[in-house]
1. Hey, can you grab everything whose amide H is under 5 Å from the amide H of GLN55? Only 5+ residues off in sequence or another chain; H modelled, so Pro and N-termini drop out.
2. Which cysteines in the chain lack any other cysteine whose Cβ sits under 4.7 Å from their own Cβ?
3. For GLY61, enumerate residues with amide H under 5 Å from its amide H, sequence gap 5+ or separate chain, H modeled in the peptide plane.
4. How do the peptides 62-74, 114-126 rank, highest first, by the average count of neighbouring beta carbon atoms within 10 Å per residue?
5. Would you mind listing how long the chain runs along its three principal axes, going by Cα atoms, in whole Å with the largest first?
6. Applying a 10 Å radius around every beta-carbon, put 100-110, 76-86 in order of their mean neighbour count, most first.
7. Between GLN55 and ASP85, what is 0.36 nm times their sequence separation minus the Cα-Cα distance? Round to one decimal in nm.
8. Can you tell me how much longer the chain between GLU101 and GLU62 gets when fully stretched, taken as 0.36 nm per residue apart minus their C-alpha distance, in nm with one decimal?
Amino acid sequence: MEDWEELYQEIVLEHSRSPRNYGSLEEADGRATGHNASCGDSIVVAVRLRERRLQTIRFCGEGCAISRASASLMASSIEGSDHSDALRQIDGTIRALAVGEPTDLGPCSVLLGVRKFPMRVKCATLPWHALREALADATASTARRWPSECPGSVAH
């Protein structure tokens with residue numbers, strides 16, 4: 001097995017077993033639920049924005065190791081980013097994972113290993129799509145404060 005494959009597996013397993021930013025978020029500014037019908041993964045992403053900065057990201061739900069690891073890496077790498085930068089990173093990551101467009105994903109580069117398993121790309125991109133929707137929800141003119149909610153969530 002090549003070194004990058006081992007690294008991919010180690011990091012995915014580590015983030016899946018001990019996900020960062022997992023749990024509910026009190027009074028979120030935006031929230032979105034993503035669902036992957038092909039495998040049953042379901043994830044809720046909640047965000048809190050302050051002065052157009054992504055102050056806090058939390059996620060919860062049920063999913064495979066890849067979707068949990070992707071959500072964990074996503075939240076820990078984007079939290080604190082400016083809204084515009086976060087959107088660029090989201091779009092760049094989705095393009096890199098889905099179509100192989102070259103881009104610097106920083107700590108999320110390890111997710112590129114999922115490209116070897118085309119059926120799992122949707123698992124890896126699910127939290128990123130949900131984060132984009134949560135940010136849109138937070139900045140919509142009809143935005144409201146969401147209560148803490150993680151329906152049916154389990155960490156593993």
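Coordinate-derived values only; no laboratory data. For clarity, every value in this text was computed on a predicted model and none was experimentally measured. Methodologically, a virtual Cβ is constructed for each residue, glycine included, from the backbone with ideal geometry; neighbour enumeration extends over all protein chains shown.
1. For GLN55, the qualifying residues are ARG48, LEU49, ARG50, GLY80.
2. Taking the Cβ cut-off of 4.7 Å, the unpaired cysteines of the chain are CYS39, CYS64, CYS108, CYS123.
3. So GLY61 has HN proximity to VAL44, VAL154.
4. 62-74, 114-126
5. Projected onto its principal axes, the Cα set of the chain covers 49, 32, 25 Å.
6. The peptides rank, most packed first, as 76-86, 100-110.
7. Extra length from GLN55 to ASP85 when fully extended: 9.5 nm.
8. Taking GLU101 through GLU62 to full extension adds about 11.2 nm, to one decimal.
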